[in-house]
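To start, the structure itself, in structure tokens.
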Amino acid sequence: MKSDERYEIRFSGSGGQGIITAAVVIADAVGSFDNRYVCQTQSYGPEARGGKSKAEVVISNSPIDYPKALGVDLLLAMTQTACDAYFFDIKPEGLLVVDSGLVPQLPTSRAVSIPFTRIAREDIGRELVANMVALGAVGYLCRQVSLESLKQALLSRVPKGTEQMNSEALQAGIEEAKKIDLDSLPRSVLSDWDDEL
């Protein structure tokens with residue numbers, strides 16, 4: 001990353017999936033533990049629970065003059081609706097990360113599909129922590145935050161008594177993301193569209 005370059009992550013899904021919490025944890029990790037510049041913003045759909053929601057994290061090595069995402073480097077989509085709504089803001093070299101069980105239709109081959117909800121339900125025992133499984137994968141794939149800082153920020157943010165469960169979910173996401181070969185993905189999301197012209 002160049003000294004003044006922005007890196008933008010958008011977390012998206014539906015209300016109740018913990019999208020905002022995941023964004024807050026990674027922003028805290030970057031700002032409080034990695035000591036870099038970070039801005040975190042969020043917006044909800046018309047319904048708080050079940051409606052479309054998104055949260056954005058902008059990371060930089062220099063002061064951030066505009067807090068919202070301009071061109072998304074990594075988009076996490078936890079529902080098909082969120083994927084369809086927010087995909088078009090991804091940069092040409094950006095990466096789409098989706099919950100494979102909830103987002104069956106991918107608009108690009110430059111995408112990573114991981115069954116976050118299934119992992120949370122079957123491996124951790126609580127579907128509720130799918131957001132932390134996703135956060136672990138995003139933290140690993142974006143290469144913008146130290147994983148140790150992510151773990152520390154998570155422990156400082158989750159409710160008392162849920163630390164172990166959330167930590168296991170985060171680690172499960174990291175381990176799943178380690179299996180992904182990013183070099184095997186197409187170089188640009190635009191290349192898919194070019195092929196169709």
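Restricting the search to region 140-158, which residues are over 17 Å from the mean Cα position of the chain (by Cα), crowded, with 20+ Cβ neighbours inside 10 Å and in a helix (DSSP H, G or I)?
Listed by number, the list is empty, since nothing qualifies.
For region 59-71, which positions are surrounded by fewer than 22 Cβ atoms within 10 Å (Cβ to Cβ) and not in a loop (DSSP other than H, G, I, E, B)?
60 - this is the single residue of region 59-71 that is surrounded by fewer than 22 Cβ atoms within 10 Å (Cβ to Cβ) and not in a loop (DSSP other than H, G, I, E, B).
Yes or no: residue 105 over 16 Å from the mean Cα position of the chain (by Cα), more than 30 Å from residue 61 (Cβ to Cβ) and of a type in the set (S, T, N, Q)?
yes
Can you say whether residue 33 is modelled with pLDDT of 95 or more, under 20 Å from residue 147 (Cβ atoms) and surrounded by fewer than 18 Cβ atoms within 10 Å (Cβ to Cβ), as far as the supplied structure shows?
yes
List every residue pair whose Cβ atoms sit under 9 Å apart, with the two residues 6 or more apart in sequence or on different chains, where the first one lies in region 148-174 and is closer than 14 Å to residue 128 by Cβ and the second, anywhere, is part of a helix (DSSP H, G or I) and among the acidic types (Asp, Glu).
Close Cβ pairs (under 9 Å, with a partner that is part of a helix (DSSP H, G or I) and among the acidic types (Asp, Glu)) amount to 168/123; 169/123; 172/123.
Identify the single condition in (1) part of a helix (DSSP H, G or I); (2) more than 12 Å from residue 97 (Cα to Cα) that residue 161 does not satisfy, given that it satisfies every other one.
(1)
Regarding residue 98, is this residue touching a residue at least 24 places away in the same chain (Cβ under 8 Å) and β-branched (Val, Ile, Thr)?
no
Which one is surrounded by the most Cβ atoms within 10 Å (Cβ to Cβ) among residues in region 80-120 that are of a type in the set (S, T, N, Q) and farther than 19 Å from residue 139 by Cα?
Looking at residues that are of a type in the set (S, T, N, Q) and farther than 19 Å from residue 139 by Cα, I get 108.
Could you check region 72-115 and list, in sequence order, the residues that are assigned to a loop (DSSP other than H, G, I, E, B), of a type in the set (Val, Ile, Thr) and modelled with pLDDT of 95 or more?
79, 103
Does residue 130 count as surrounded by 13 or more Cβ atoms within 10 Å (Cβ to Cβ), of a type outside the set (Ser, Thr, Tyr), at pLDDT 95 or above and farther than 18 Å from residue 10 by Cα?
No: the conditions fail for residue 130.
Tell me, which residue of region 42-58 that is assigned to a strand (DSSP E or B) and over 15 Å from residue 6 (Cα atoms) is modelled with the lowest pLDDT?
44
Residues of region 123-139 being assigned to a helix (DSSP H, G or I), of a type outside the set (A, V, I, L, M, F, W, C) and over 11 Å from residue 26 (Cα atoms), which ones?
123, 127, 131
List, please: which pairs have Cβ atoms under 9 Å, are six or more places apart or on different chains, and start with a residue in region 4-23 that is without any contact (Cβ under 8 Å) to a residue 60 or more places away in the chain and end with one that is of a type in the set (Ser, Thr, Tyr) and buried (at least 24 other Cβ atoms within 10 Å of the Cβ)?
15/53; 16/53; 20/53
The values are calculated or read from the model by the stated rules, or taken from the named source; none is laboratory data. What you see is a predicted model, and the numbers here were worked out from it, not measured in a lab. When we count neighbours, we look across all protein chains shown, and the Cβ atoms used for this are built from the backbone with ideal geometry, even at glycine.
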